[in-house]
Structures are given as structure tokens and as C-alpha cells.
1. I need the full set of residues from region 1-34 which are at pLDDT 95 or above and either on the phi > 0 side of the Ramachandran plot or among the charged types (D, E, K, R) (or both), in order please.
2. Hey, could you check region 73-96 for residues that are surrounded by fewer than 17 Cβ atoms within 10 Å (Cβ to Cβ) and closer than 20 Å to residue 137 by Cα and say which is nearest to the chain's Cα centre (by Cα)?
3. Would you tally the residues in region 6-43 being under 16 Å from residue 87 (Cβ atoms) and in a helix (DSSP H, G or I)?
4. If residue 159 satisfies every condition in (1) among the aliphatic types (A, V, I, L, M); (2) at pLDDT below 95; (3) closer than 23 Å to residue 27 by Cβ but one, which is the exception?
5. Looking at region 98-122, which of its residues are open to solvent by 40 Å² or more (accessible area, probe 1.4 Å), over 16 Å from the mean Cα position of the chain (by Cα) and in contact (Cβ under 8 Å) with a residue 24 or more places away in the chain?
6. Residues being among the acidic types (Asp, Glu) and surrounded by 16 or more Cβ atoms within 10 Å (Cβ to Cβ): count how many of those fall in region 33-72.
7. Inside region 43-63, can you point out the residues that are under 17 Å from residue 32 (Cα atoms) and touching a Leu at 6+ places or on another chain (Cβ under 8 Å)?
8. Among the residues of region 47-72, write down those that are under 14 Å from the mean Cα position of the chain (by Cα) and either closer than 21 Å to residue 24 by Cβ or of a type in the set (Asp, Glu) (or both).
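The values are calculated or read from the model by the stated rules, or taken from the named source; none is laboratory data. This is a predicted model, so every value here is computed, not measured. Methodologically, a virtual Cβ is constructed for each residue, glycine included, from the backbone with ideal geometry; neighbour enumeration extends over all protein chains shown. Note: accessible area is taken over every heavy atom of the protein model, side chains too, but ligands, DNA and RNA are not part of it. Shrake-Rupley method; radii C 1.70, N 1.55, O 1.52, S 1.80 Å.
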Amino acid sequence: MNSKIKVFNNEVEIGLRILVVLKYIYPKSFDIEMINYYDYFILHTKDIGGNESLHADVPNRFGELVVKRDLIRSSLSLLMTKNLIEIKYTDNGIEYKATENTAPFLDTLNEKYTMHLNNNIKWVYNKFKDYSNKEIKIYVDKNKEKWGSELSYCTVGLINE
């Protein structure tokens with residue numbers, strides 16, 4: 001049997017970030033698109049005017065917005081089986097919401113990465129709290145070409161070799 005275990009960008013890692021977002025916006029709910037945007041924002045705060053980003057400023061990182069959709073769906077399914085989120089059917093479509101188990105579960109996690117995520121979601125939420133979902137989508141569409149378009153010293157060295 002040839003099964004590979006993904007250490008990064010797996011359902012558990014993305015699921016943790018989804019829980020942090022949904023816990024903070026509770027009792028509101030988000031659709032997959034808003035979850036994807038907020039996930040990007042909490043990882044790459046520097047791109048949206050914040051301090052140091054949690055993840056590296058790799059070239060073309062805005063592509064994450066496209067490639068993570070299926071992984072987000074898988075993570076949402078996993079989180080629902082653990083009763084950490086619930087599905088909500090709205091006039092705008094399918095959305096996801098934290099449950100009464102979300103906060104107690106996250107409160108048991110105190111490693112540096114989770115603490116950084118918690119700080120970032122507070123900052124991101126305050127930045128976008130007065131934006132509608134449509135305005136956030138416009139903001140992303142207007143800025144995503146800039147995100148990751150710079151060449152870092154490390155990248156330049158790799159290209160020239």
C-alpha cells in the first residue's frame with residue numbers, strides 16, 4: 001500500500017484555521033469563499049497591510065485561493081463529523097458556523113502557531129468587519145495580482161542558477 005501522509009496543507013491544518021475563523025465570527029457564518037479569503041488573510045497579513053505574515057511570502061501565493069478550495073471542502077466535512085462546525089442553509093447558499101464545541105476545543109490548544117492565528121483573526125476581522133462579502137470579493141480581485149508577485153532574494157538566486 002502506497003499511502004502518503006501530508007504534513008502540510010492537509011485537512012487538519014486547514015481545519016484548525018477554519019475553526020479559528022468561525023469561532024471568532026460566531027454567531028455569524030461564512031460560505032466556502034469567505035472561509036478561503038479569511039484563511040488567506042490570517043496567513044498573509046502583510047499582503048493586506050498588517051505586520052509580519054504567519055506563512056512565508058512565496059511568489060505567486062495568491063494561487064492558494066484557487067488550489068485550496070477542495071481541501072477546504074474536505075476539512076469542512078471532517079469538522080462536521082467531529083461536531084466542531086455545523087452547516088447552515090441561507091438565502092445566500094450554504095454556509096458554515098461554529099458549534100458549542102468549537103471554543104472549548106480551541107481553548108485546549110496553546111501552541112505558538114495557534115496563538116498567532118488567534119491574534120491574526122482579531123486583526124483581520126477588525127480590518128474587514130464593515131465590508132460586505134461582495135466588497136471583500138472586490139478587494140481580493142483588485143489585489144490578488146500583487147500578492148506574491150514580488151521576487152525575493154532567495155527566488156532571484158534560484159532563477160539565476
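1. Of everything in region 1-34, those that are at pLDDT 95 or above and either on the phi > 0 side of the Ramachandran plot or among the charged types (D, E, K, R) (or both) turn out to be 17, 23, 28, 31, 33.
2. 73
3. We begin by selecting, within region 6-43, every residue under 16 Å from residue 87 (Cβ atoms); these are 15, 18-19, 21-22, 25-35.
Applying the additional criterion that residues be in a helix (DSSP H, G or I) yields 15, 18-19, 21-22, 25, 32-35.
The number of residues fulfilling the criteria is 10.
4. The one condition residue 159 does not meet is (3).
5. Within region 98-122, 105, 109 qualify.
6. Kept after step one, since they are among the acidic types (Asp, Glu), are these residues of region 33-72: 33, 39, 47, 52, 57, 64, 70.
Filter again for surrounded by 16 or more Cβ atoms within 10 Å (Cβ to Cβ), leaving 33, 39, 47, 64.
Looking only at that region, the number is 4.
7. 43
8. 47, 48, 53, 54, 55, 64, 65, 68, 70, 71, 72
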